[in-house]
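First the structure, in the form of structure tokens, and then the observations on it.
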Amino acid sequence: MGESASSYSKLRTYLYANRYYTKRPAVKDPRLALLPPELFCGASVLDVGCNEGWVTCEIAQSWGARRVLGVDIDETLTRLAWKRKRTVWSTQGPTAAIDEKPLPGYFPTSFEHTFGPLPIPSAQPVDKHLFPHNASFRTADWTNNAIPQDAAGYDVVIAFSLTKWIHLNGGDDALLRFFRRVYDVLTPGGSLVLEPQAWETYAKAKRMDSRLRENAKCLKLRPDDFGSLLQEMGFGAAQHVGTTGEGGFCRPVDIYKKPA
Ligand SMILES: C[S@@+](CC[C@H](N)C(=O)[O-])C[C@H]1O[C@@H](n2cnc3c(N)ncnc32)[C@H](O)[C@@H]1O
């Protein structure tokens, strides 16, 4: 793992000691619920900063995507994401009971603790684009490193709650590089789905780490500038689909389209 990856790992000990999805729990992610359902239909999707893979798995399982790749800089998290995929697969069978008798295939969450997750069968031509076979994960600092999957391009790139960390870790240059890379890997007509963190939330993150504090002093770009910045790079105007989240997680979700 490169230097920025290991320093991010160090930072994770502050940020994720309590696990991100215990702070932001959602069986159905409310950010995805804001999006037009046809966005993911048959799409190739990249979820940058996938963390433990909850969003990636939901897109792959419930939103009709053909292929979803979750990428995270932190390999501890991508390992947990592979585990999440097995958990989601194990428990996706019928959960209801009729007359208090479980339906065949019912696999309560508690079974995983006792027996482990169900094995994932090999993909067949008929289901290779269905969950669980359509979801995979990879460890990479995607801002700075291309990955082999980028070559084929993506119809949708998700960047949920990510820009602040790229910005604070790598400065304005890293953020610009990230946005340019997204533009380059999107297919014509493809969409960036962005949930940026507000500038006010940077203050708390800066307090966690002296390096981030130093980096923050040099930042000239602000999240409010992202819309015009993305348009200068060639994206269309932001389509604001809504705002969701409680307290400090209350954030807008915007779609930026690359021209067809
Ligand atoms: C706040 S979490 C957001 C998780 C998820 N996207 C969500 O909103 O549910 C940010 C994630 O981005 C990852 N990350 C930060 N910089 C990254 C980079 N350059 N490349 C890939 N992942 C990165 C972190 O490891 C972390 O898991």
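The values are calculated or read from the model by the stated rules, or taken from the named source; none is laboratory data. As the structure is a prediction and not an experimental result, all values here were calculated from the model. Ideal geometry is used to build each Cβ from the backbone, glycine not excepted, and the neighbour counts take in all protein chains shown. Note: accessible area is taken over every heavy atom of the protein model, side chains too, but ligands, DNA and RNA are not part of it. Shrake-Rupley method; radii C 1.70, N 1.55, O 1.52, S 1.80 Å.
Please work out which one of (1) more than 16 Å from the ligand (Cβ to nearest atom); (2) modelled with pLDDT of 95 or more is the condition residue 74 fails and give its number.
Failed condition: (1).
Would you please name the residue that is farthest from the ligand (Cβ to nearest atom), looking only at residues in the range 20-39 that are open to solvent by less than 40 Å² (accessible area, probe 1.4 Å), of a type in the set (A, V, I, L, M, F, W, C) and modelled with pLDDT of 95 or more?
Going through the qualifying residues, I end up with 39.
Quick check: is even one residue across the range 228-251 hydrophobic (A, V, I, L, M, F, W, C), within 18 Å of residue 73 (Cβ to Cβ) and open to solvent by 40 Å² or more (accessible area, probe 1.4 Å)?
Checked against the condition, which is being hydrophobic (A, V, I, L, M, F, W, C), within 18 Å of residue 73 (Cβ to Cβ) and open to solvent by 40 Å² or more (accessible area, probe 1.4 Å), the range 228-251 yields no hits at all.
Restricting attention to the range 56-63, does a residue exist that is in contact (Cβ under 8 Å) with a residue 40 or more places away in the chain, open to solvent by 10 Å² or more (accessible area, probe 1.4 Å) and in a strand (DSSP E or B)?
No, the range 56-63 has no match at all.
Look at the range 202-215 and say how many of its residues are in contact with a helix residue (DSSP H, G or I) (Cβ under 6 Å, 6 or more places away or on another chain) and open to solvent by 10 Å² or more (accessible area, probe 1.4 Å).
5
Yes or no, residue by residue, for (1) over 16 Å from residue 47 (Cβ atoms); (2) surrounded by 21 or more Cβ atoms within 10 Å (Cβ to Cβ):
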residue	(1), (2)
117	yes, no
132	no, no
144	yes, no
148	yes, no
172	yes, no
186	no, yes
